[in-house]
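What follows is a short report on a single structure.
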Amino acid sequence: MINIAIDGPSGAGKSTIAKAVAKAKGYIYVDTGALYRSIGLWVARKDIAKEDKENIISELDNITLELGYVEGTQRVYLNGEDVSNDIRTPEISMYASAVSAIPEVRAFLLDLQRDMAKKHNVIMDGRDIGTVILPDATVKIFMTASPEGRAKRRYKELCEKGIETTYEEVLSDMIERDRNDSTRDVAPAVPAEDAIHFDNSSDGIENSVAELIEIIDKAIEAKK
């Protein structure tokens, strides 16, 4: 199986680019962030504080997660409920960052993610795909963009979904999440040693997709 790992900070455009590349290549796209967001949503609904690790861990036995695909689009099901839209708020983003720093949560999701990669050609994006989840991935990409550019992109996405916020709030949350994700003890969001760095600061999605496909194809060919 061909496994493509795409890592990078929040708002770098990983999901948008990975979806387009997966469609073009005929691979399955796996958004691992949606899994952490779903656990974050469960915790938020239970009124458990983000810092309450003990109670978060105790809730894992009550959670079942499944990935499905509707017309080629990934959907995530939390205890049978499609929560694909509910998990995309700024509040749940912060919960996702908090729960993803808990070793027991990461272990809880590890088998689900690796099982997908064993059965299918996948493009999987997240924070530690190339370093922890799929250390033997065929190609590893670390995607970056400036905090301001990422905040602008995320703010636009939230506005389009009718979520009320401000650019300043999004930028502040993004900087905080970057700090949390990159400095945590467990699976920090850092590039794998053999990752190819890809700057996605430009607004041209089509160009970015074409460029990344070329990079991936060359990397795959070089390994044959």
For the stretch 164-177, in residue order, the Karplus 3J(HN,Hα) values (coefficients 6.51, -1.76, 1.60; θ = phi - 60°; whole Hz; Gly and Pro = x) are 7, 6, 10, 4, 4, 5, 5, 4, 4, 4, 5, 5, 5, 5
Output row, site ASP111, 7 Å Cα→C-beta label point, backbone N cut-off 19 Å, window the stretch 64-92, residues 64-68, 77-80
Two pseudo-spin positions, 7 Å from Cα along C-beta at GLU157 and at ALA24, lie apart in nanometres by 1.9 nm
Roughly what % of DSSP beta bridges within the stretch 3-216 run antiparallel, to the nearest 5? 30 percent
Could you list which residues have their amide H under 5 Å from that of SER146, counting only those 5 or more apart in sequence or on another chain, with H placed in the peptide plane? none
Whichever aspartates and glutamates have a C-alpha closer than 16 Å to that of LYS23, once near sequence neighbours (fewer than 8 apart) are set aside: ASP31, GLU71, ASP125, GLU206, GLU211, GLU214, ASP217
Amide H neighbours of ILE6 at under 5 Å, excluding residues fewer than 5 places away on the same chain, with H built from the backbone geometry, are MET124, ASP125, GLY126, ILE141
Once you place label points 7 Å from the Cα toward the Cβ at ALA210 and ALA222, how far apart are they in nm? 2.2 nm
Listed peptides 125-138, 50-63, 188-201, 12-25 by packing density, highest first (mean Cβ within 10 Å): 125-138, 12-25, 188-201, 50-63
Would you mind giving the average projected area, over all directions, of the Cα convex hull of the stretch 99-181 in nm² with one decimal? 6.8 nm²
If the reach is capped at under 19 angstrom between alpha carbons, list the lysines near LYS223, excluding any in the same chain fewer than eight residues apart. LYS25, LYS118, LYS140
Under 37 °C and 0.692 mPa s, how fast does the stretch 166-224 diffuse according to Stokes-Einstein, given a Kirkwood radius computed over C-alpha pairs? Answer in µm²/s, whole number. 229 µm²/s
Given Cβ point charges of +1 (Lys, Arg) and -1 (Asp, Glu) and nothing else, what value in debye, to the nearest 20, does the dipole of the stretch 54-200 about its Cα centre take? 460 debye
Run the numbers for GLU54 and SER182: contour at 0.36 nm per residue of separation, minus the present Cα-Cα distance, in nm. 43.8 nm
I'd like to know which of ALA195, SER182, LEU158 lies farthest towards the positive end of the charge dipole of the stretch 148-200, counting +1 on Cβ of Lys and Arg and -1 on Cβ of Asp and Glu. LEU158
Amide H neighbours of TYR29 under 5 Å, counting only residues 5+ apart in sequence or on other chains, H built in-plane at 1.01 Å? ILE123
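Let me check against my output: what whole-number percent is the relative contact order of the stretch 33-104, with C-alpha pairs under 8 Å and at least 6 apart?
44 percent
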Taking every alpha carbon pair in the chain, what does the distance histogram look like in 5 angstrom bins from 0, in percent? 1, 7, 15, 20, 21, 18, 12, 5, 2, 0, 0
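No value in this document is a laboratory result; all are computed from the given coordinates. Keep in mind it's a predicted model, so treat the numbers as computed, not measured. Please note: Cβ atoms are built from the backbone with ideal geometry, for glycine as well, and neighbour counts cover all protein chains shown.
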